[in-house]
1. Being facing chain B (nearest Cβ under 8 Å) and not hydroxyl-bearing (Ser, Thr, Tyr) is the filter here; which residues of segment A:123-141 pass it?
2. When residue A:105 is evaluated against the numbered criteria (1) surrounded by 13 or more Cβ atoms within 10 Å (Cβ to Cβ); (2) at pLDDT below 90, which criterion, by number, is the only one it fails?
3. Filter segment A:142-169 down to the residues that are more than 7 Å from chain B (Cβ to nearest Cβ) and closer than 14 Å to residue B:96 by Cα, then identify the one that is surrounded by the fewest Cβ atoms within 10 Å (Cβ to Cβ).
4. Restricting to segment B:213-225, count the residues that are free of Cβ contacts under 8 Å to residues at least 24 places away in the same chain and not in a strand (DSSP E or B).
5. Of everything in segment A:15-33 that's at the interface with chain B (Cβ under 7 Å from one of its Cβ atoms) and without any contact (Cβ under 8 Å) to a residue 12 or more places away in the chain, which residue is farthest from residue A:128 (Cα to Cα)?
6. Quick one: would you say residue A:52 is farther than 13 Å from residue B:24 by Cβ, modelled with pLDDT of 80 or more and surrounded by fewer than 21 Cβ atoms within 10 Å (Cβ to Cβ)?
7. Of all residues in segment B:218-241, which are β-branched (Val, Ile, Thr) and over 11 Å from residue B:165 (Cβ atoms)?
Amino acid sequence: MTIHELELCIALYGKDIYSFCMHLTKDKHQADDLYQDTFLEATKKIKQIHYENNPKSYLLSIAFKLWKNHTRKFAWRHRIAPQTSNLGASESVADTRNDFFSYLEAEEEKKQLWEAIHRLPENYRIPILLYYMEELSVSEIAKVLMIPSGTVKSRLHKARKQLEKELEGYFYG
Amino acid sequence: MDDKLNNLLREKLKPDFVPEDELNSKIIDQVKEEHLNMKHPKFKSSVVAAIMVGVLAIGSISVYATYHFQSASQVVKKLTINKSLADAFESDQAVSVNESQTTAGYKVTLMGIASGKDIEPSLSSATEDIDTSKTYAVVAIEYADGSPMPDTKDKNYQTFCLTPLVNGKEVVDDTLYASVTPLVEDGIQYELLECDNLEQYADEGVSLGVSAFGKETEAFQYDAKTGTHNLNSNYKEMQALFELPLSDIATGNSSSDVAPESTEVTTETQNINGSSNAKTDSDKSKLKEKEEQSTSVNYEASDADIVVYDSDDAEVKYSVDKDSKDCTIRVYPANKNASSNK
């Protein structure tokens, strides 16, 4: 990928990718790192980025894979050394959760919605983010997450059911 | 589907976070530096010349190999006339993985996996009794330097072992009736694994080990403390270990791009002593089939709901009335999750 192509990718998709990274990690520092690693990884995969029909979904898939690897390694370290105090990710998520929502300079209504979404299990939250925030189709989401389309539809459905329960009375009827 | 919620989500969920300019500049600067280092490597000129010759030679072979790199479905079509198996690899029943690991001069790629009850007949069975509940995986093995793998008829032809490794089971004896069918095409060796359906172990977690034939006990180690299988760091020959995304294999829904609006629920009440008031014979047989397929059933004289996820994609919920001993059975189509008894 040339520097010009990289700059173009960042200009076109930077906000989308960064928002996804923020909602995945719920931590600005981790999001910054994940965002940076995503583009650096993308620059190594020259042919794919050229011939992908949807560069944005390709970049999102890289971000997701990097995040999954990171959480898997962290879970492994946590499992074999639970007595250590530098539990890193989970503590930073807990500590910065309030900070994360303070980044959302949004009206109260939107914050309530985001909080409900962040209460969803990760398996449901990520398809919701990709479908509504990133406006990907079900089949694109399936490719990003490397799961069957049927599973994507099922998770979207369950996520919506849970959100309906949480938000009823607040946003509507 | 609730349109209000759908509209609300579409309207309110926008990418709100903007990366700082400094962060973007840092990325661009880093890539610029990498490009610069690639153009002006700090090596002696003779070494540079040798590397360039090597890269040109290897590069051309690698391009050749990459060009002929096939999809899992294409590999299956070459290996068998089993159309449903090839179709399964192109369907929602399959997961395209395409994860590569480089080990001891080899590049090993897990291309994809597929599981299902409706893939028939099984690859290796020539008999009438065909077990359709199988998992299939396609692995590609090539030399990391791009030179071609020996053909199956070549005296230097190599045999490899694909071993499903279930977390919590020490195993290697229980190979889950795994069999492997090889294909060498355009210098790449493909292996098609067929074994007992691994979805039943999705909750425990399953890895796929790839090693030279007969070396699986040396190549991989079982950690009794964590229940996981890992690469043996003392083993220096070819070894690759892939985690299988089994919990993500599910039977596909319709091709419509919309999530299902409602789940179909059937309710029956069956006396715990065996009588049933199922409405029709087909309902009775459907329930019976689901019960038989359940991984565990516990008729307890309590009023707790007991949820079992059967091998189909249905959630079967039993609730038992203490006094009458009536057991109400509700069946919900759902994806398989962890089964639990409350």
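The values are calculated or read from the model by the stated rules, or taken from the named source; none is laboratory data. These figures come from a predicted structure and were not determined experimentally. Methodologically, a virtual Cβ is constructed for each residue, glycine included, from the backbone with ideal geometry; neighbour enumeration extends over all protein chains shown.
1. Of everything in segment A:123-141, those that are facing chain B (nearest Cβ under 8 Å) and not hydroxyl-bearing (Ser, Thr, Tyr) turn out to be A:128, A:129, A:133, A:134, A:138.
2. (1)
3. So the residue we want is A:143.
4. 3
5. So the residue we want is A:32.
6. Judged against the criteria, residue A:52 is not a match.
7. The one that is β-branched (Val, Ile, Thr) and over 11 Å from residue B:165 (Cβ atoms): B:226.
For every residue, the table says whether it meets (1) farther than 16 Å from residue B:107 by Cα; (2) under 18 Å from the mean Cα position of the chain (by Cα).
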site: B:150; (1), (2): no, no
site: B:160; (1), (2): no, no
site: B:180; (1), (2): yes, yes
site: B:184; (1), (2): no, no
site: B:189; (1), (2): no, no
site: B:210; (1), (2): no, yes
site: B:213; (1), (2): yes, no
site: B:218; (1), (2): yes, no
site: B:227; (1), (2): yes, no
